[in-house]
Amino acid sequence: MPRLSDSMEEGTILKWLVSEGDDVKRGQPIAEIETDKANMTYEADTDGTVSELVASEGDTLAVGDVIARIGEGSGDTGSDPQEAPRQEEPEPQEPEPQGSDPSSNGGERVKASPVARRMAGEMGVELAQLEGSGPGGRIVKADVEAAAHDGGTKQKERPAKAAEPERAEAGAKGEVEFHELTRLQQTVTRRMAESKATAPDFQLVAEVDMSAAVQLRERLKEVADPAPSFNDMVVKAASIALREHRRVNGAYRDGKFELYSRVNVGIAVAGQDALVVPTIFDADTKSLGQVAKDARALIEKVREGKVTPPEVSGGTFTVSNLGMYGIDSFSAVINPPQAAILTVGALKKKPVADERGRIVARDMMNLTLVCDHRILYGADGADFLARVRELLESPLSLAL
Amino acid sequence: MPTMRYREALNEALREEMQEDESVFVMGEDVGVFQGAFKVTKGLLEEFGEKRVRDTPISENTIVGMGVGAAMVGLRPVVELMTVNFSLLAMDQIVNHAAAVGYMFGGQVSCPMVIRMPGGAGHQLGPTHSHSFEAWYLHVPGLLVAVPSTPADAKGLLKAAIRDDNPVVFIEHETLYGQKGEVPENGGPARFGEAAIRREGDDVTVVGISRMAITAEKAAETLASEHEIEAEVIDPRTLRPLDLDTIVESVKKTNRAVIVEEGWPHGGVGANLAALIQEQAFDWLDAPVMRVTGADVPMPYSKPLEQASFPHEEHVVQAALSTFRDV
């Protein structure tokens, strides 16, 4: 079972694309595999003949387990599988066992240079999916930079197959259906529980006067397609404030504060039966129009189940919006190990007192910042949130 | 800027320092009447007389031992050994005495002496005259080690070595004595522990020791013209103290390092430097640190074999390319 994402511990064979006895070429898709992040097509890393499909469709195996054997030569199904190039290696470019470094869970190490490994971690690139251009197929710095630049991989995605619900006998609650979680749902489950169990969180709520932003958006509609949404404005305002407040753009991990050089804002999107948080990379340096375009494209991909692992990795902060459901304000679970998550409520006309005490109607919206108190203290969070509000109330600075 | 040969630059450094400081004197085999096996001490006997330019018997351990004693009582001896190979006869005085004496007596005495010796192959002098033992002296705490590759560095570093209160092993290169280069007029002493960036580049760092700095520079031109690879060539100039900062800084930029030396591979200067680079720049490396070294054999006498036993430009080019792709 190849490691197809950094966090992958096991994978499910959704479908075999080859049969025993088939000749395969290196690079030919041989299986669809469901990981914790996405469904992917896995390609053969060597030429040969499929001598045995060890795992059946629907089987879930730990990373490093054998899923199939590919023998040498056409029709050579009888060859000793031990001598055949091993299909289970997650490093498609390195058929030689020499230099590999089996980890404790049975997975094998991807061959990458130290700088490539470091940068992949920083940029949210999955090493296992890259083709190394260095000596002996080593993944080098240039490969990681190219992958981060393209933001995509050759992997294809398919919607998760809904498991057939089991049923239990009727009790006081009536008939019970049991649904197996998809890998993605398992990941959400694990990470949300981990967040609540480890991050001592607190919330700050601020009411923002969006009247100027509403006017700006009306003007932008005339010139921009797509016109930036209020959520895009929040993402842009947050990214500017993140650049100024480094700890918010960081994480508490293993006794250290990690502060990131890039501002990558994740936007929570309801996907097919799961929550997906695609990333708008370098949101601080992108124009509001570009943020809007990126967000549109990512949301579309999530809805179609086409989002790739690099697109859901590397986030340094998250924005979650339930305003479209009419929710006034809400709390959210921090996306670990990020320092905070910002939630956006509905924009509503409300009576407020102006500076002279007169009641006027203004476009109001609530923002809630949920902070991990291990890295962000009350004043840090308040300072950040005040800056976001200031930017949204004078939204021309967002359009710069 | 005047141009002079490497041996003339060394001669000028000796003459200037002897004029400057009466406690400086020269001692060694054939340094007086014969004016040095490589003519580095030319004219010194005539100018400074027998007391300050002393011919000695063939007895390396004794020559260095006398130097250690003279240095301990306040003189500044410059001892010449005819080759680095012969210096092994004086290992006891160099390692157990010159390097250690300041530590043994808690700094009450120092040993401000220079031990000059040429090393390196190329003149068909066989295994007893042609080795490169930089690593042997680099190994010893208490010694400073200089390996100049240009006439300017030869002069500047020798002046600095004579003025330094530590014992300095000053390793010249036999095939460089006739090399010409610009030397600053009235130039002062150079600084130990300051590497020279001979050529700037963004793609691969090539560190050349002694003559190999020149070989590395030639290889860098080939890498640029034939392979579109811009190498940064660094000449450390002194191995102890070592300007590791400049090397690590460069590796952080290029993500690749190649070290070129004439000495043997095992326990060599390159082995040591490779260890330091991976300790300090591991997360910046895009390829293993490569070494280009002399062959792991006693230096052959036969000309073709001798030529095959130390690195040439093409070896450096190959090693640099191997950090980019399969070669």
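For the reader, a short list of remarks on this structure follows.
- For the protein assembly as shown, share of DSSP beta bridges that run antiparallel, in % to the nearest 5: 60 percent
- Where labels lie 7 Å past Cα in the beta-carbon direction, separation of B:Ser59 and A:Glu122 in nm: 6.3 nm
- Under a 5 Å amide H cut-off, with hydrogens placed 1.01 Å from N, B:His173 pairs with B:Gly119 among residues at least 5 apart or on other chains.
- For the pair B:Ser322 and A:Lys306, a Förster radius of 51 Å applied to the C-beta separation gives a FRET efficiency near 0.80, rounded to the nearest 0.05.
- Each label point was placed 7 Å from the Cα along the Cα-to-Cβ direction; for A:Glu218 and A:Ser56 their separation is 6.5 nm.
- Here the contact order of region B:38-103, divided by its residue count and restricted to Cα pairs under 8 Å and six or more residues apart, works out to 31 percent.
- Computed over region A:200-399: relative contact order in percent, which uses C-alpha pairs under 8 Å that are six or more apart: 31 percent
- Cut-off 11 Å (backbone N to label point 7 Å along Cα→Cβ of A:Gln203), residues of region A:317-337: A:328-333
- Region B:142-175 and region A:340-364 have Cα centres spaced 77 Å apart.
- Cα-based shape type of region A:174-254, given that a ≥ b ≥ c are square roots of the gyration tensor eigenvalues and the cut on a/c is 1.5: oblate
- Using a Förster distance of 25 Å, the FRET efficiency for A:Lys349-A:Tyr325 (Cβ separation, nearest 0.05): 0.90
- Rounded, prolate or oblate (a/c below 1.5 giving rounded, otherwise prolate when a/b exceeds b/c) for region B:201-314 by Cα gyration tensor: oblate
- Cα centroid separation - region B:15-42 against region B:255-318, whole Å: 34 Å
- The separation of region A:220-257 from region A:5-67, counted between C-alpha centres, amounts to 38 Å.
- Relative contact order (%) - criterion: Cα under 8 Å, at least six apart; region: region B:196-322: 28 percent
- Exposure proxy ranking, count of Cβ atoms within 10 Å, fewest first, for B:Tyr6, A:Tyr42: A:Tyr42, B:Tyr6
- For the protein assembly as shown, the direction-averaged projected area of the alpha-carbon convex hull comes to 47.0 nm².
- Farthest positive-ward along chain B dipole, Cα basis, beta-carbon charges - from B:Ala71, B:Ile115, B:Pro148: B:Ala71
- Rounded to 5, percent antiparallel among DSSP beta bridges of chain B: 20 percent
- For region A:200-399: rounded, prolate or oblate by the Cα gyration tensor [a/c cutoff 1.5]: oblate
- Taking amide H atoms as placed 1.01 Å from N in the peptide plane, the amide H of A:Met364 lies under 5 Å from those of A:Met210, A:Lys348, A:Lys349, A:Lys350, each 5 or more residues away in sequence or on another chain.
- Restricting region B:156-253 to trypsin sites (Lys or Arg not before Pro) in coil, as DSSP defines it, with at most 16 other Cβ within 10 Å: B:Arg191
- Counting only DSSP beta bridges whose two residues both lie in region B:196-322, roughly 20 percent are antiparallel.
- Modelled label positions at A:Thr285 and A:Gln28, each set 7 Å beyond Cα in the direction of Cβ, lie 4.3 nm from each other.
- Counting all C-alpha pairs of chain A, share separated by more than 27 Å (%): 56 percent
- Phi angles of region A:282-288 translate, via the Karplus equation with coefficients 6.51, -1.76, 1.60 and θ = phi - 60°, into HN-Hα couplings of 6, 4, 5, 9, 8, 6, 4 Hz per residue; Gly and Pro are given as x.
- For chain B, excluding the exposed loop sites themselves (GluC sites (Glu not before Pro), DSSP loop, at most 11 other Cβ atoms within 10 Å), the longest remaining stretch covers B:51-184.
- Nearest-0.05 FRET efficiency for B:Gln307 and B:Lys253, computed from C-beta distance (R0 30 Å): 0.35
- Cut-off under 5 Å, modelled amide H: who pairs with A:Phe202 long-range: A:Cys371, A:His373
Throughout, read-outs are computed from the coordinates displayed, never taken from laboratory work. On a predicted model such as this, the values are computed, not experimentally measured, just so you know. Note: ideal-geometry Cβ built from the backbone for every residue, glycine included; neighbour counts use all protein chains shown.
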